[in-house]
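J.: If you scroll down you'll find the structure; I have some questions about it.
The values are calculated or read from the model by the stated rules, or taken from the named source; none is laboratory data. Note that the structure is a prediction, hence the values are computed from the model and not measured. All Cβ positions, glycine included, derive from the backbone under ideal geometry; neighbour counts span all protein chains shown.
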Amino acid sequence: KLNKHESLELACPVLAQGRKQLLEKWLKENKLECTEELGDIVRLHNMTLALSVYLCANVPNKVVACFAKMGQFDKILLYTKKVGYHPDYVALLQH
């Protein structure tokens, strides 16, 4: 498994080449370290894949933001109850 920095360095050129499937494969095989930074990079290319990274990295504010941007509002309440996270709904709606 690659560390945080190696994962970021590998993800950038792979995404720049449009090879999202390769990144998905590595994530499924647990070869990359999921971090908020990796999710931020992936988010520029694919929101669903970024959501997976944020879930794995346990970044609840970004998970909630992804659900909101994807229009999956019903999942926000389920997720926040499951992990015990209390988002700022006013800021979320403004964003």
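J.: Given (1) in a loop (DSSP other than H, G, I, E, B); (2) touching an Asp or Glu at 6+ places or on another chain (Cβ under 6 Å), identify the lone condition not met by Tyr85.
T.: Of the numbered conditions (1) in a loop (DSSP other than H, G, I, E, B); (2) touching an Asp or Glu at 6+ places or on another chain (Cβ under 6 Å), the odd one out for Tyr85 is (2).
J.: Condition (residue is in contact (Cβ under 8 Å) with a residue 24 or more places away in the chain and of a type outside the set (A, V, I, L, M)) applied to the stretch 63-80: is it met by at least one residue?
T.: No, the stretch 63-80 contains no residue that is in contact (Cβ under 8 Å) with a residue 24 or more places away in the chain and of a type outside the set (A, V, I, L, M).
J.: Something else now. Going by the structure shown, is Glu24 within 13 Å of the chain's Cα centre (by Cα), of a type in the set (Asp, Glu) and modelled with pLDDT of 95 or more?
T.: yes
J.: Somewhere in the stretch 2-12, is a residue charged (D, E, K, R) and outside any helix (DSSP H, G or I)?
T.: Within the stretch 2-12, not a single residue is charged (D, E, K, R) and outside any helix (DSSP H, G or I).
J.: Check Lys31, Lys25, Lys62, Lys69 and return the single one that is closer than 25 Å to Leu93 by Cα, of a type in the set (Lys, Arg) and surrounded by fewer than 15 Cβ atoms within 10 Å (Cβ to Cβ).
T.: The unique qualifying residue is Lys69.
J.: Could you count how many residues in the stretch 24-61 are under 13 Å from Leu10 (Cα atoms), aliphatic (A, V, I, L, M) and part of a helix (DSSP H, G or I)?
T.: 4
J.: Scan the stretch 50-81 for residues that are within 17 Å of the chain's Cα centre (by Cα) and not hydrophobic (A, V, I, L, M, F, W, C) and jot them down.
T.: Ser52, Tyr54, Asn58, Pro60, Asn61, Lys62, Lys69, Gly71, Gln72, Lys75, Tyr79, Thr80
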